[in-house]
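Okay, structure first, notes after.
Please treat every number below as a calculation from the coordinates, not as lab data. What you are looking at is a predicted structure, and each value in this text was computed from that prediction instead of being measured. Here the Cβ positions follow ideal geometry from the backbone for every residue, glycine too, while neighbour counts run over all protein chains shown.
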Amino acid sequence: MTTSVAPQRRLRLPPSGAIIAIGLIAALALISILVPMLTSETPAQIFLGRTLLPPVLLGGSWAHPLGTDDLGRDVLLQLANALRVSALVAAVSVLLAGLIGAVLGLLSGYRGGWIDFVVSRITEAQLALPLLVIAMTLIIALGPSLPTLVVAIALNGWVPFARLVRAETLVLRDREFVILAQLAAVSHGRIILRHLVPNVIPSALVLATQQMAVAVIEESSLSFLGLGVQPPQTSLGLMVGQWRIHMQSSPWLPLAPVIALAILAFAVNLLGDTLRNMMERRR
């Protein structure tokens, strides 16, 4: 007598890279959310009686684990606020860049002809413009602000989305389901929305994750140069720019936002690379 044994389902765990990335991002998110809730202070409050206190690791107090800056503001509270601003700017700018690039890529790849020619020329022209030129032009026209910063980063980052979506669309438009839809006199808009968009979204999402790391660095660079976030708001790049004068006397002060920026960029980039590798293996 034989007994049949039901096959056991193996629990599929995400790759270790994704686990590390999600853990780091979750830790930074908790810092940005919980730290402001645990204190009655605001990031803009000044306390001249406690300036440049060292962090705990250098003999400071647990009341200010990362110490205080030259205006007596708590560094950890500043860091939590800066993380929220930097992440928000990066996320919104990548979303805007993705929408612009996806629309142009879909139209260019599907319709071809003069539309493809115009989009290709615009793409080439965009590649010749560095981010600094775009940011300075917008700041002169609109003034320095968060919306200006978001638009500058988005206008600098839509090209990779347009190229990716165009390449995917060129392949998809020759597939049987698209050709059959055209023969059935389905409108072009319906074909794009029902057949092309769902098939290009996965690749675009992976690219968006990778572009988040680029946007974080770009935001920090512009804010460091004074072209991005303006006081009393703060960001990781602005913190480094404001505190770099203390590099000799209090090196731990600019080091805090630098480490946070490196961790955030590394985690987002690692997550994007892991997702890309997973998609390539499935193909």
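In table form, for the structure just shown:
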{"quantity": "Karplus (6.51, -1.76, 1.60) ³J(HN,Hα), θ = phi - 60°, over region 194-205, in Hz, Gly and Pro reported as x", "calculated": "8, 10, 8, 4, x, 8, 9, 4, x, 5, 5, 5"}
{"quantity": "Residue of Phe224, Phe266, Phe177 that the Gaussian network model of the chain assigns the largest fluctuation, springs spanning Cα pairs under 10 Å", "calculated": "Phe177"}
{"quantity": "D_trans [Stokes-Einstein, Kirkwood Rh over alpha-carbon pairs] for region 58-182, 25 °C, 0.890 mPa s, µm² s⁻¹", "calculated": "140"}
{"quantity": "Among (1) 7, 32, 39, 19, 2, 0; (2) 6, 23, 26, 21, 13, 7, 3, 1, 0; (3) 7, 30, 37, 22, 3, 0, the entry that matches P(r) over Cα pairs in 10 Å bins from 0, in percent as calculated here", "calculated": "(2)"}
{"quantity": "Qualifying chymotrypsin sites (Phe, Trp or Tyr not before Pro) in region 41-118, DSSP loop, other Cβ atoms within 10 Å at most 10", "calculated": "Trp62"}
{"quantity": "Mean ellipticity per residue at 222 nm, deg cm²/dmol - from DSSP H runs of n ≥ 4 across the chain, formula -39500 (n - 2.57)", "calculated": "-23000 deg cm²/dmol"}
{"quantity": "Sum of side-chain charges, Ala87 neighbourhood, beta-carbon under 15 Å (Lys, Arg +1; Asp, Glu -1)", "calculated": "-1"}
{"quantity": "Thr68, Thr209 arranged by Cβ crowding within 10 Å, fewest neighbours leading", "calculated": "Thr209, Thr68"}
{"quantity": "Ordering of 247-255, 157-165 by burial proxy (mean other Cβ atoms within 10 Å per residue, highest first)", "calculated": "157-165, 247-255"}
{"quantity": "Where trypsin sites (Lys or Arg not before Pro) fall in DSSP loop in region 171-255, at most 16 other Cβ within 10 Å", "calculated": "Arg175"}
{"quantity": "Over the chain, relative contact order from alpha-carbon pairs under 8 Å, at least 6 apart, %", "calculated": "23"}
